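Down below is the structure, laid out as structure tokens.
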Amino acid sequence: KKARSLSEIENVSNIDILFCPNIKPHWYFLFPNIKALIQEDGYPLAHGANMAREFGIPSVANIPWEAIIDMEYVTVDGNSGKIIWNKI
């Protein structure tokens, strides 16, 4: 799910990968329900990435907004900091 603000998220339980500009503290309630985090801004030691690690969620940052289309199938490799596009 791509979301620039919390108001764009309708059903938290249906989010596999959250793609957002950057993580602010008021987004943290989403973490127990997501499987991966992609941030448009940030870096590996930023607060959002640290929080993702605390929840055991793979996270990558500095991914351009246009790089991923909403509902596209991707895999987030938090170890390498890369996204893998999946063919369906």
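Under a Gaussian network description of the chain, with springs only between Cα atoms under 10 Å, the residue in ALA61, ALA46, ALA36 that fluctuates furthest is ALA46. Here the simple spin-label model places points 7 Å from the Cα toward Cβ, and for ASN62 and GLU10 these points are separated by 3.5 nm. This structure gives percent of Cα pairs over 19 Å apart, computed directly, and of [x] 35; [y] 29; [z] 52 that value is listed as [y]. Taking θ as phi - 60° and the Karplus parameters 6.51, -1.76 and 1.60, the scalar couplings of region 19-34 work out to 10, 9, x, 6, 9, 10, x, 6, 8, 5, 5, 6, 4, x, 9, 9 Hz in sequence order, x denoting glycine and proline. Whole-Hz Karplus values for region 53-66 come out as 4, 4, 8, x, 9, x, 9, 9, 9, 6, 9, x, 3, 6 Hz, taken residue by residue from phi with 6.51 cos²θ - 1.76 cosθ + 1.60 and θ = phi - 60°; glycine and proline positions read x. When GluC sites (Glu not before Pro) are flagged only if DSSP places them in a loop and at most 15 other Cβ atoms lie within 10 Å, the longest unflagged stretch of the chain comes out as 11-71. In the elastic network of the chain, a GNM with C-alpha springs shorter than 10 Å, the most mobile of LEU30, LEU45, LEU18 is LEU45.
Computed from the coordinates by the stated procedures, all read-outs in this text should not be read as laboratory data. These numbers come from a predicted model, not from an experiment. We place every Cβ from the backbone using ideal geometry, glycine too, and count neighbours over all the protein chains shown.
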